[in-house]
Each structure stands twice: as C-alpha cells, then as structure tokens.
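The structure under discussion appears below in the form of structure tokens.
Any read-out appearing in this document is the output of simple, stated calculations on the displayed coordinates, not a laboratory observation. Bear in mind that the values here come from a model prediction, so they are computed numbers and not experimental data. Ideal geometry is used to build each Cβ from the backbone, glycine not excepted, and the neighbour counts take in all protein chains shown.
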Amino acid sequence: MTDYLLRFASKAIAEQFGIANGFAAVDEGGEVQSSLASHTHALCIIGEHNGDGQYWVLFRDLVGIPIPVGGEQFIFWASDFEVDDEEGNPVPVPRPISDDVPSLFWA
C-alpha cells in the first residue's frame with residue numbers, strides 16, 4: 001500500500017487526469033464524479049488549500065497500481081519516498097508539514 005499526496009495546477013487538470021485514468025467520470029448532468037474507493041484504491045479530494053488555485057488529492061493505492069503515464073508530475077509526496085542517510089542507508093521521507101501543504105491525513 002502506498003499513499004500519495006497529489007498536487008495539480010487546477011481542479012480542471014485534476015478532473016481530466018482522473019477521467020483519463022479511470023478514477024473519475026462525467027455524470028449525466030455533466031459533473032465530474034470521482035471514484036472515491038474501490039478494491040484497488042481510495043481517494044480523498046482535499047481541493048484548494050491556500051487559495052492559490054492548486055488542487056490537492058490524497059490517493060491510497062491498495063494493490064500497487066502502476067503510476068499512469070505523466071502521473072509523476074503530480075506526485076508531491078509518496079509514502080514510499082526514501083533518501084539515503086550519511087551511511088548510505090535508505091530512510092523514509094516524512095510527509096511534509098507546513099502551512100503550504102494540506103495537513104489532512106487518513107483516519
């Protein structure tokens with residue numbers, strides 16, 4: 001299982017990405033509806049955080065879904081991010097916490 005904090009330049013880009021990759025669809029009224037959960041994923045739409053137009057989504061991959069083509073550009077943080085310490089040992093990168101990053105976590 002991997003958690004991703006995704007950041008899109010706008011809600012429209014997030015919706016287009018979701019539709020293109022099967023995580024959202026347009027309903028009969030023309031509104032985009034996200035697939036909030038399935039046997040493979042769960043997502044939480046955070047939306048705008050600082051009024052800067054950036055659109056945030058918390059995505060939980062339950063089964064190792066391949067990152068869609070072009071998806072890397074939207075990953076702000078992932079729970080499997082690692083860096084090497086002074087001795088070259090991998091250590092996890094903690095989720096960024098600041099006023100510029102939404103603080104919503106999974107319950």
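As a length-normalised measure over Cα pairs under 8 Å and 6 or more apart, the relative contact order of the chain settles at 31 percent.
With a 10 Å radius around each residue's Cβ, average the other Cβ atoms per peptide and rank 17-25, 76-84, 37-45, highest first. Before the final figure, lay out each step's value.
Values: 17-25: 16.6, 76-84: 13.1, 37-45: 14.9.
So the order, starting with the most tightly packed, is 17-25, 37-45, 76-84.
Residues whose amide H lies under 5 Å from that of VAL93, counting only those 5 or more places away or on a different chain, are PHE81, GLU82, VAL83; hydrogens are built 1.01 Å from N in the peptide plane. Magnitude of the charge dipole for the chain, about its Cα centre and with charges confined to Cβ atoms of Lys, Arg (+1) and Asp, Glu (-1), is about 380 debye. The alpha carbons of region 2-92 give a radius of gyration and a Dmax of 14.9, 57 Å, in that order.
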